[in-house]
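What follows is a single structure, written as structure tokens, with notes after it.
The values are calculated or read from the model by the stated rules, or taken from the named source; none is laboratory data. None of these values were measured; they are calculated from a predicted model. Neighbour counts are summed over all protein chains in view; Cβ atoms, including those assigned to glycine, are modelled from backbone coordinates with ideal geometry. Note: areas computed on protein heavy atoms with side chains; ligands, DNA, RNA excluded. Shrake-Rupley method; radii C 1.70, N 1.55, O 1.52, S 1.80 Å.
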There are 2 protein chains.
Amino acid sequence: MATELIGQRMTSQRKLLLEIIRDAGGHLDADELFQKAKGRDPRISLSTIYRNLNLLKELDLVAERHFVEDHHHYELKDTAEHHHLVCRSCGEVFEFNSPLTPKMTKDVEETSQFQITDIEINMQGYCPNCPRDMHQESSI
Amino acid sequence: MATELIGQRMTSQRKLLLEIIRDAGGHLDADELFQKAKGRDPRISLSTIYRNLNLLKELDLVAERHFVEDHHHYELKDTAEHHHLVCRSCGEVFEFNSPLTPKMTKDVEETSQFQITDIEINMQGYCPNCPRDMHQESSI
DNA sequence: GTATTTATTGCGAATGCTTTGCATAAGCAA
DNA sequence: TTGCTTATGCAAAGCATTCGCAATAAATAC
């Protein structure tokens, strides 16, 4: 990974955050990143984390993931592509990826005329330990 | 659509929300639903909207979508499946669906042993009117 | 139809994540 | 090293969403 920013300054906080994201390797949320960062630089602030995450996102260096929960998770953009399947009952996260996504992306690019930069697949369901409750059949 | 709830009461507010979601046909957020509901029942409150959206979600009657933004959108579960592609520059939303999703879902069910109830695909990119800014090449 | 039970509502306050304003600190170019 | 300007830390603000509670109204039993 390169170590220079163009137009921006490479501050110690920025460098630290980048290292943490890279080393953690996978969907941490802002607060988890903040806690880890504080371990190495106790004076760092949560706003700095957010500001830098937004910058890295704009630069396409990190991806912001929105799965089930109502806050975001971040991971390096060049991490091997993978998607998420979350259990609706216990919250367990299963990661997967599918050989079908490149073709799907290509198809969608053709029909939409968009230039696609990012694909996120979130599935939900019930994990093997949380069988679906069958009598919860709704009937509105 | 049926009109009875088991274990729950079919209140006028509940009925109204359901009608609004059905008639709107597609990803409104809680506040948009609230505004429309207020048009027909000025005394309805936003908490009621949220409480009922959560109920309908549990009953699998509506799907909660998390796209780019940091709030949620809701749509009827039995709407024809479709996914979303959002322009990173102007925000335009393109809806698509792909013949590959059933196979992908099946594959993932097999490897994960989960019982999948929901699949959400969010793509991002640049629409034909917002070509990607090429000199924004990052170099951290 | 009336009374009873209990889910649901509306309101306001609270929560949790994220952003912002501002004064201070610190990169970076000359 | 100086000077310009971006970035930081802190505290406060902003939003979306949830919660507590007294009042209301469905559903059920009489």
| Cβ-Cβ FRET estimate between A:GLN113 and A:GLU19, R0 fixed at 25 Å, reported to 0.05 | 0.05
| task | Pull up the cross-link candidates among the lysines for A:LYS57, meaning alpha carbon to alpha carbon under 29 Å and not fewer than 8 places away within one chain. | result | A:LYS15, A:LYS36, A:LYS38, A:LYS77, A:LYS103, A:LYS106
| query | Are there residues in segment A:94-114 whose accessible area shrinks by at least 40 Å² when all protein chains are included rather than the chain by itself, and which are they (probe 1.4 Å, ligands and nucleic acids not counted)? | reply | A:PHE94, A:LEU100, A:MET104, A:VAL108, A:PHE114
| query | On average, how much area does the Cα convex hull of segment B:7-79 cover when viewed from any direction, in nm²? | reply | 4.7
| Hey, if you put +1 on the Cβ of every Lys and Arg and -1 on every Asp and Glu Cβ in chain B, which of B:ALA63, B:ASN129, B:GLN35 ends up farthest toward the positive end of that dipole? | B:GLN35
| query | Not counting the cut sites, what is the longest span of chain B without trypsin sites (Lys or Arg not before Pro) that DSSP labels loop and that have at most 12 other Cβ atoms within 10 Å? | reply | B:44-131
| Label points 7 Å out from Cα along the Cβ direction at B:GLU58 and B:CYS130: separation in nm? | 3.7
| remark: Here the longest stretch of chain A that holds no GluC sites (Glu not before Pro) in a DSSP loop having at most 10 other beta carbon atoms within 10 Å is A:5-136
| In whole percent, how big is the carbon plus sulfur part of the accessible area of segment A:13-95, probe 1.4 Å, protein atoms only? | 45
| query | Taking the Cα centre of the protein assembly as shown as origin and charging only Cβ (+1 Lys, Arg; -1 Asp, Glu), how large is the dipole, in debye to the nearest 20? | reply | 760
| message | About the Cα centre, and with charges only on the beta carbon of Lys, Arg (+1) and Asp, Glu (-1), how big is the dipole of segment B:80-132? Nearest 20 debye, please. | response | 300
| said: Only four residue types carry charge here, +1 at the Cβ of Lys and Arg and -1 at the Cβ of Asp and Glu. Report the dipole size of segment A:1-136 about the Cα centre in Debye, rounded to the nearest 20. | reply: 520
| Roughly speaking, what is the centre-to-centre gap between segment A:79-127 and segment B:23-44 when only Cα atoms are used, to the nearest Å? | 30
| task | Please find the FRET efficiency linking B:HIS82 to A:GLU92, where r is the Cβ-Cβ separation and R0 is fixed at 41 Å, and quote it to the nearest 0.05. | result | 0.90
| Area of B:CYS127 that stays accessible when all protein chains are in place (1.4 Å probe, Å², to 10) | 0
| In Å², nearest 100, what accessible area do chains A and B bury in total when the solvent probe is 1.4 Å? | 4900
| query | Put +1 on the Cβ of every Lys and Arg and -1 on every Asp and Glu Cβ in chain B; which of B:THR11, B:HIS72, B:GLN115 then has its Cα farthest towards the positive end of the dipole? | reply | B:THR11
